1. Rounded, prolate or oblate: which fits segment 15-86, taking a ≥ b ≥ c as square roots of the Cα gyration tensor eigenvalues, rounded meaning a/c under 1.5, else prolate when a/b beats b/c?
2. Taking the number of other C-beta atoms within 10 Å as the exposure measure, put D74, D85 in order starting with the fewest.
3. Determine the relative contact order of segment 3-79: mean sequence separation of Cα pairs under 8 Å and six or more apart, normalised by residue count, in whole percent.
4. So which trypsin sites (Lys or Arg not before Pro) in segment 22-60 are both in a DSSP loop and have at most 15 other Cβ atoms within 10 Å of their Cβ?
5. How much length is gained if the chain between N10 and T60 is pulled fully straight, taking 0.36 nm per residue apart and subtracting their Cα-Cα distance, in nm to one decimal?
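Quick note: the coordinates plus some simple rules give every number you see, no bench work behind them. In this text the structure is predicted, and so the values were computed from the model without any measurement. When we count neighbours, we look across all protein chains shown, and the Cβ atoms used for this are built from the backbone with ideal geometry, even at glycine.
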Amino acid sequence: MSIAYYNVENEILNMLNEKISKKVKLERIKAGLTQEQLAFESGISRNAIQKIEAGKVKPTIETLEKIAKALNMDFNTFIDVSKVDL
């Protein structure tokens, strides 16, 4: 694999993570929840929610499923970041 390909792939993954981070925050706010409330409802620590929203960690599928469930959202709808602007 060439370095150029790796860099493009890395850029795409970073952009996707940014969009997911933003989507988590937007949907949490839309649901009228604080980070602490979302943490309680999802079983994920508030610190982890904060880091996800800040884009400091890449959440696992399992974590995203827990967040989607806590927000009463269909998982596929939740992870659809096609309309999230950066």
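1. rounded
2. D85, D74
3. Taking the mean separation of contacting Cα pairs over the length of segment 3-79, I get 29 percent.
4. K56
5. Value of the extension gain: 16.3 nm.
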